[in-house]
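**Student:** Just dropping this structure here.
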Amino acid sequence: MFDHVTIRVSDRAASEQFYETVLPTLGIEQTHRSEPYTEWRDFSLASADERNKVTRRLHIAFVAPTRAHADEFWRVGTTAGYRDDGAPGPRPQYGDDYYGAFLLDPDGSSAEAVHRGAMRDDGGVVDHLWIRVADVDAAARFYETIGPHAGFRPRRRTPERAQFVGESGTFSVVLGPPTEAVHLAFPARENATVDAFHRAATEAGFRDNGVPGERSVYHPGYYGAYVLDPDGNNVEVVNHNRP
């Protein structure tokens, strides 16, 4: 589902240390580090600045190959002094075979290791996100508008939650104090899909945050467009134009 998910952090060294402590327990190794970003495949972080606030109140779940990996994620994290947000164990409210363990990162967002029967196997590390929103109907309308161009569709809906599913992975918008400053990017195979995403969102009245075009600062051929969801999070569709 995700091309990448990026969070902004108040202390890059502290956040890198957290994720470098816990993600290797899941077999997730750092794949890139540069001045702007540190990356673990489809998850990355960067320092907050005047333009980009610290990400707050996000829940991000990483793929755990087995239940034992989830146990180790939590054990290593809590032993290192990071805050517990839920001990390892079954969570039948999410699924009969759902097994998760939860920690808080240095900025207070929830990081989970999850194992269940239907795990993504496409090389990505982000299993799912929970994004808290002020108005579920407004957020759902936004994501329903862009979904046909971003590769996901509605799956479940309650008054307090709307879930969306793609080829692999899910995300939910959940009623609560809104998540701040998360960046979600979804993949496209053609530049025309990026154009259609931006056109559909802006024609529906959602806020432009970057017109379609090449962003060679990332790499040659990187073609993306950006809009803001109703809570101000930056949402992108990108075609990397790679073979």
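The values are calculated or read from the model by the stated rules, or taken from the named source; none is laboratory data. Because the structure is predicted, anything quoted here is derived from the model rather than measured. A quick note on method: Cβ atoms are made from the backbone with ideal geometry, for glycine too, and the neighbour counts reach across all protein chains shown. Note: areas computed on protein heavy atoms with side chains; ligands, DNA, RNA excluded. Shrake-Rupley method; radii C 1.70, N 1.55, O 1.52, S 1.80 Å.
**Student:** Scan the stretch 21-39 and report the pairs whose first residue is over 21 Å from residue 115 (Cα atoms) and without any contact (Cβ under 8 Å) to a residue 60 or more places away in the chain and whose second residue is open to solvent by 40 Å² or more (accessible area, probe 1.4 Å) and among the polar types (S, T, N, Q), with Cβ atoms within less than 6 Å and a gap of 6+ or a chain change.
**Tutor:** Pairs that qualify, where the first residue is over 21 Å from residue 115 (Cα atoms) and without any contact (Cβ under 8 Å) to a residue 60 or more places away in the chain and the partner is open to solvent by 40 Å² or more (accessible area, probe 1.4 Å) and among the polar types (S, T, N, Q), are 39/31.
**Student:** Of all the strands (runs of 3 or more DSSP E) wholly in the stretch 114-216, which have at least 1 residues that are open to solvent by 50 Å² or more (accessible area, probe 1.4 Å), more than 19 Å from residue 41 (Cα to Cα) and modelled with pLDDT of 95 or more? Spell out how you get there, then give the answer.
**Tutor:** On the way: elements: 126-133, 152-158, 161-166, 170-175, 182-187, 207-214.
Those strands (runs of 3 or more DSSP E) span 126-133, 152-158, 161-166, 170-175, 207-214.
**Student:** Moving to a separate point now. Of the residues that make up the stretch 63-84, is at least one under 15 Å from the mean Cα position of the chain (by Cα) and either surrounded by fewer than 14 Cβ atoms within 10 Å (Cβ to Cβ) or closer than 29 Å to residue 187 by Cβ (or both)?
**Tutor:** Within the stretch 63-84, the first condition is being under 15 Å from the mean Cα position of the chain (by Cα), and the residues that meet it are 63.
With the extra rule that they be either surrounded by fewer than 14 Cβ atoms within 10 Å (Cβ to Cβ) or closer than 29 Å to residue 187 by Cβ (or both), the set shrinks to 63.
Yes, the stretch 63-84 has at least one match.
**Student:** Output the residues belonging to the stretch 128-153 that are touching a helix residue (DSSP H, G or I) at 6+ places or on another chain (Cβ under 7 Å) and closer than 20 Å to residue 58 by Cα.
**Tutor:** Filtering the stretch 128-153 down to residues touching a helix residue (DSSP H, G or I) at 6+ places or on another chain (Cβ under 7 Å) leaves 133, 145-146, 149-150, 153.
Of everything in the stretch 128-153, just one residue is touching a helix residue (DSSP H, G or I) at 6+ places or on another chain (Cβ under 7 Å) and closer than 20 Å to residue 58 by Cα, namely 133.
**Student:** Quick check on my filter: what residues within the stretch 107-148 are among the hydroxyl-bearing types (Ser, Thr, Tyr), under 24 Å from residue 197 (Cβ atoms) and under 16 Å from the mean Cα position of the chain (by Cα)? It would help to see each step written out before you state the result.
**Tutor:** Kept after step one, since they are among the hydroxyl-bearing types (Ser, Thr, Tyr), are these residues of the stretch 107-148: 109-110, 143, 145.
This time we only want the ones that are under 24 Å from residue 197 (Cβ atoms), so: 143, 145.
143 - this is the single residue of the stretch 107-148 that is among the hydroxyl-bearing types (Ser, Thr, Tyr), under 24 Å from residue 197 (Cβ atoms) and under 16 Å from the mean Cα position of the chain (by Cα).
**Student:** Given the options 203, 190, 160, name the one that is touching a helix residue (DSSP H, G or I) at 6+ places or on another chain (Cβ under 8 Å) and either over 20 Å from residue 133 (Cβ atoms) or of a type in the set (D, E, K, R) (or both).
**Tutor:** Working: 203 fails: touching a helix residue (DSSP H, G or I) at 6+ places or on another chain (Cβ under 8 Å); 190 fails: touching a helix residue (DSSP H, G or I) at 6+ places or on another chain (Cβ under 8 Å).
When all the criteria are applied, what remains is 160.
**Student:** I've got another one for you. Against the condition more than 19 Å from the chain's Cα centre (by Cα) and assigned to a strand (DSSP E or B), how does residue 220 come out, does it pass? Before you say what the answer is, go through the steps one by one.
**Tutor:** Values: more than 19 Å from the chain's Cα centre (by Cα): yes; assigned to a strand (DSSP E or B): no.
In short, no.
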